[in-house]
Structure formats: structure tokens, C-alpha cells
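Structure first, commentary second.
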Amino acid sequence: MNEEVQNAYEVIKNGGIVLYPTDTVWGIGCDATNADAVAKIYKLKQRAETQSMICLMNGEKMMYNVFKEIPEVAWQILDLSEKPTTLILDNPRNVAVNIIAPDKTLGIRIVKEPFCFKLMERMKKPLVSTSANISGQPTPNSFKEISPEIINGVDYVVNLHREKIGGKPSTIIKLTNDSQVKVIRR
């Protein structure tokens with residue numbers, strides 16, 4: 001696994017995009033602070049930049065680097081969640097401007113999955129994560145369901161967990177700094 005972390009890190013460090021296993025489904029990712037790399041993912045997915053993507057993070061320190069204010073309820077939700085949960089929070093900073101939604105929010109998920117966790121530890125930055133499909137097409141549940149267009153369109157394909165059938169996409173909950181909570185996807 002460490003070799004795959006290093007390979008993916010080298011590509012990401014140089015502005016590339018990677019196809020990698022996450023705690024849910026296979027994802028396309030890059031350095032969340034690199035606007036050019038983020039733009040490559042939008043182009044590959046044939047997705048409008050107004051449809052934002054999420055960032056994976058590896059813990060509290062990274063969260064506070066991106067969000068000055070984090071509602072207390074965010075930590076409670078993360079502590080109580082039994083499955084992967086994405087939180088949409090207000091006013092991100094220190095990330096590429098083209099990953100921030102038009103309403104000045106950003107979806108984030110803290111992951112403990114070993115590959116993603118170690119990769120972010122190496123990057124010291126959040127990792128973009130978006131499903132490995134062309135926009136509007138079904139989300140692939142396993143590596144073998146990913147289209148050749150996506151596989152050939154990334155700079156590196158991580159060679160781990162290719163037989164694993166992915167879980168469901170994460171729950172998505174939007175939290176505003178004025179304490180509003182809205183479940184977007186269960």
C-alpha cells in the first residue's frame with residue numbers, strides 16, 4: 001500500500017489526477033488546493049464547475065485549516081455517524097476557488113480508510129473526491145464498472161481494492177454557521 005500512496009502522491013504533487021478507492025465508491029481525485037488539477041476533473045467528468053465536488057480530509061486539524069468556523073453540531077454528527085457522512089459547511093478557505101460551490105460552501109468527509117488517510121498525511125492537504133463517472137451517468141459500484149473513458153482520462157490508477165464492491169455513496173448533511181441542518185442524501 002505504501003508504494004501506491006507514494007505513486008499517487010507523486011502524480012498529485014505534480015498537478016495530476018488519480019483514480020482511487022475511497023471508503024465508499026471509487027473516486028477521481030487531486031490536490032484540493034490546485035485549481036488547474038480541479039479543472040481537469042471537471043473536464044474529464046464533463047461537469048459544470050457550478051456542480052461542486054467534495055474534499056476528503058484526515059482529521060480535525062485539516063478541517064480547521066479549511067474552515068475557520070465549524071458548528072458544534074458537525075462534530076456531534078461525525079461522532080454519531082455509523083456510515084460515511086459528508087458535511088457541507090460554510091465559507092471554506094485555503095482550497096481552490098473552483099471547488100467551492102456558488103453559495104460559498106464545501107462538502108467534506110473525514111476518512112479513516114487507510115489508503116486515503118495515508119495519502120492525505122503525505123500531501124498535508126485535502127483530497128478532491130468525486131465519483132468515477134461521466135456526469136449524469138450511474139455511479140460505478142466497483143472498479144470493473146468504471147468506463148474506459150475515465151480510466152484513460154486520469155494520470156494514475158491506484159492498484160488497490162480492484163475486486164472490492166463499493167458501498168453506497170455517503171450521507172450528505174448541510175450545516176450552516178447559523179445552525180441550520182438539512183439532510184440532502186441519506
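Per-residue Karplus couplings for the stretch 158-169, computed as 6.51 cos²θ - 1.76 cosθ + 1.60 with θ equal to phi - 60°, are listed in order as 5, 9, 9, 6, 6, 8, 5, 8, x, x, 7, x Hz, Gly and Pro entered as x.
Return the FRET efficiency for the residue pair THR139, VAL97: r is the Cβ-Cβ distance, R0 is 30 Å, and the value is rounded to the nearest 0.05. Provide the component values of the computation, followed by the final result.
Values: r = 26 Å, r/R0 = 0.87.
Calculated transfer efficiency: 0.70.
Rounded to 0.05, the FRET efficiency of the LYS124 and ASN152 pair, given R0 = 45 Å and the Cβ-Cβ distance, is 0.95. With all protein chains in place and ligands, DNA and RNA left out, the 1.4 Å accessible area ranks VAL183, VAL5 as VAL183, VAL5, largest first. Annotation: amide H-H contacts under 5 Å for CYS55 (H modelled 1.01 Å from N, sequence separation of 5 or more, or interchain): GLY107, ILE108, ARG109, SER129.
Under a Cβ-Cβ cut-off of 13 Å, what is the net charge of the residues other than GLY15 that fall near it, where Lys and Arg count +1 and Asp and Glu count -1?
Neighbour charge sum, excluding GLY15 itself: -1.
The alpha carbon centroids of the stretch 158-172 and the stretch 105-136 are separated by 12 Å. If you run the Gaussian network model on the chain, springs between alpha carbon atoms under 10 Å, then out of ASP90, ASP103, ASP23 the most flexible one is ASP103.
Listed here are the pairs LYS104/LYS164; LYS61/LYS144; LYS68/LYS164; LYS61/LYS104; LYS68/LYS144; LYS144/LYS182; which of them are more than 32 Å apart at the Cα? It would help to have the intermediate numbers written out before the result.
Details: LYS104/LYS164 35 Å; LYS61/LYS144 35 Å; LYS68/LYS164 37 Å; LYS61/LYS104 21 Å; LYS68/LYS144 40 Å; LYS144/LYS182 34 Å.
Cα-Cα > 32 Å for LYS104/LYS164; LYS61/LYS144; LYS68/LYS164; LYS68/LYS144; LYS144/LYS182; rest within.
Only one residue of SER81, ALA37, ILE70 has its Cα farthest out toward the positive end of the dipole of the stretch 21-91, where Lys and Arg carry +1 and Asp and Glu -1 on Cβ, and that residue is ALA37. Label positions at VAL181 and GLU72, each projected 7 Å from the Cα along the C-beta direction, are separated by 1.3 nm. Only DSSP H runs of four or more residues enter the estimate; each adds -39500 (n - 2.57), and after division by the residues of the chain the mean residue ellipticity at 222 nm equals -8500 deg cm²/dmol. For the chain, set up a Gaussian network in which alpha carbons nearer than 10 Å are linked by springs, and say which option among ALA37, ALA101, ALA48 fluctuates the most. Largest GNM mean-square fluctuation: ALA48.
The charge dipole of the chain, taken about its Cα centre with unit charges on the Cβ atoms of Lys, Arg (+1), Asp and Glu (-1) only, comes to about 200 debye.
The values are calculated or read from the model by the stated rules, or taken from the named source; none is laboratory data. Remember, predicted model here, so these are calculated numbers, not experimental data. As a convention, Cβ positions derive from the backbone with ideal geometry for all residues, glycine included, and neighbour counts pool all protein chains shown. What goes into the accessible areas is simple: the full protein's heavy atoms, side chains included, and nothing from ligands, DNA or RNA. Shrake-Rupley method; radii C 1.70, N 1.55, O 1.52, S 1.80 Å.
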